[in-house]
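**Q** Before I ask anything, here is the structure I am working with.
The values are calculated or read from the model by the stated rules, or taken from the named source; none is laboratory data. Quantities reported herein were computed from a predicted structural model and do not represent experimental measurements. Every residue, glycine among them, receives a Cβ derived from its backbone with ideal geometry; neighbour counts consider all protein chains shown.
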Amino acid sequence: MKKDLSKLVTPTLDSNTSDDRDFLEAKVWTETIEGEVNPPIVPKCFLGAWYRKVFSSKDYWLGIEGTITLGEFIPDEKRFGYDNRVSYKRYLDSPSIYMGGFSLTESDAGLGLMSGYEYENQDIEINYGTPKIAYRPFWRYIYSEVVDVAGNVERNNVNSWNTSDPRHFDFYYFPGDKIKMSVYAPIKNYLQLRIELIEKTKIEKYVKIRNRFNLKRHNRTFYSPLFYSEGHGDNKVAEFKRVNSIDQYGNEGFVVSETKAKVTKAVWESVYLYREIDGEIYKVPFDEKRQTNMACPNKETFKIKTLKNGGEEITIEPVPLKRNDKEWKKSY
């Protein structure tokens, strides 16, 4: 009899499926870790975005946590228009600050500047042309299912992109906010995004927007569903990352377009990796000896200052590529 090769996946689980206190209460580990894998060499830049990426080795990591004060996006007014994909005009540059991981598939989760409501009871339909108001949570994951019935095989490959409900104003984050963001594997083969607002912005423009929502309590902590990420929490090939970027609509896989858009200084106060050591989950500083970092497509675009415990100050102000630059040539 032929072996049944069926593989059915439950893409998401409820956000309360697993207790996360082991991660929240994790102590910092500063000693040597026996057998720890060294970080990999720097790969080629991915085309189509201006980004700072820092990622770990593939090892027994269970997640990543970072505390960051968000920078402000200043758009390029000349890059407001159509991207030949949607029927709305919009700024063709868009910032994001996110984490994620790679084991057997790639997952991204964090914050992107997104459309939203400017008032509590605003009755509009949000579309791709609605002004971007705040950073809001997103999570993207990839999985494949296979159904094999008597030799008839059907494969379903899914790249799932998800965002928080725009009516949940607690989960609007603004430049100047200090947040703690983490992505971790509370159970095998699943990741979860958590975002906690630690200090609210004092920038007047954004204070006024937040006040319009008439929030009667402290902001809730955001939890995504547990989303499928095969291999995480289950083997020694778990990689985690943090990324600050200016993405460009309609430009993925191509040489970046010149822009005068920028993101003012964002400050990663500290960044840690989660790891189980002697049966207990600890936070391990994600410092230079544990990371591979990239500044793409050119280093001149970024002003970077290294801080302790994996922290970093990052300003993104794109500097155009020159046609004789090695990075430009690598794009072809």
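**Q** Identify, please: which residue in segment 75-98 is assigned to a loop (DSSP other than H, G, I, E, B) and of a type in the set (D, E, K, R) and is, among those, farthest from the chain's Cα centre (by Cα)?
**A** Ranking the candidates gives LYS89 first.
**Q** Among the candidates VAL153, VAL147, which residue alone is surrounded by 13 or more Cβ atoms within 10 Å (Cβ to Cβ) and aliphatic (A, V, I, L, M)? Talk me through it step by step, then tell me what you get.
**A** Numbers: VAL153 fails: surrounded by 13 or more Cβ atoms within 10 Å (Cβ to Cβ).
Selected residue: VAL147, the only one of VAL153, VAL147 that is surrounded by 13 or more Cβ atoms within 10 Å (Cβ to Cβ) and aliphatic (A, V, I, L, M).
**Q** Also, quick follow-up: Listed residues SER56, SER94; which is surrounded by fewer than 20 Cβ atoms within 10 Å (Cβ to Cβ), touching a Leu at 6+ places or on another chain (Cβ under 7 Å) and either modelled with pLDDT of 95 or more or of a type in the set (A, V, I, L, M) (or both)? Break it down into steps so the answer makes sense when it comes.
**A** Numbers: SER56 fails: surrounded by fewer than 20 Cβ atoms within 10 Å (Cβ to Cβ).
After ruling out the rest, the residue left standing is SER94.
**Q** Mind listing just one residue for me: the one in segment 180-208 that is touching a Gly at 6+ places or on another chain (Cβ under 9 Å) and over 30 Å from TYR274 (Cα atoms) and, of those, surrounded by the most Cβ atoms within 10 Å (Cβ to Cβ)?
**A** Applying the first criterion (touching a Gly at 6+ places or on another chain (Cβ under 9 Å)) to segment 180-208 yields 180-193, 195, 199-203, 206-207.
With the extra rule that they be over 30 Å from TYR274 (Cα atoms), the set shrinks to 202-203, 206-207.
On the way: LYS202: 9, ILE203: 14, TYR206: 21, VAL207: 13.
Only one residue fits best here, namely TYR206.
**Q** Considering only segment 232-247, state which residues are more than 14 Å from TRP50 (Cα to Cα), of a type outside the set (Lys, Arg) and crowded, with 19+ Cβ neighbours inside 10 Å.
**A** Within segment 232-247, HIS232, GLY233, ALA238, GLU239, PHE240 qualify.
**Q** Right, next: Just the residues that are surrounded by fewer than 15 Cβ atoms within 10 Å (Cβ to Cβ) and either of a type in the set (D, E, K, R) or more than 20 Å from PHE174 (Cβ to Cβ) (or both), please, taken from segment 106-120.
**A** First, the residues of segment 106-120 that are surrounded by fewer than 15 Cβ atoms within 10 Å (Cβ to Cβ): 118-120.
If the condition is that a residue be surrounded by fewer than 15 Cβ atoms within 10 Å (Cβ to Cβ) and either of a type in the set (D, E, K, R) or more than 20 Å from PHE174 (Cβ to Cβ) (or both), then GLU118, GLU120 are the ones that fit.
**Q** Residue under question is VAL54, and the condition is that it be β-branched (Val, Ile, Thr), under 22 Å from the mean Cα position of the chain (by Cα) and under 30 Å from ASN157 (Cβ atoms); does it hold?
**A** When the stated conditions are applied, VAL54 passes them.
**Q** So, restricting to strands (runs of 3 or more DSSP E) that lie completely within segment 201-303, which ones have at least 2 residues that are polar (S, T, N, Q) and either farther than 21 Å from ASP22 by Cβ or in contact with a helix residue (DSSP H, G or I) (Cβ under 6 Å, 6 or more places away or on another chain) (or both)?
**A** 239-248, 292-296
**Q** Looking only at residues that are of a type in the set (Ser, Thr, Tyr) and more than 30 Å from LYS188 (Cα to Cα) in segment 213-263, which one is modelled with the lowest pLDDT?
**A** TYR249
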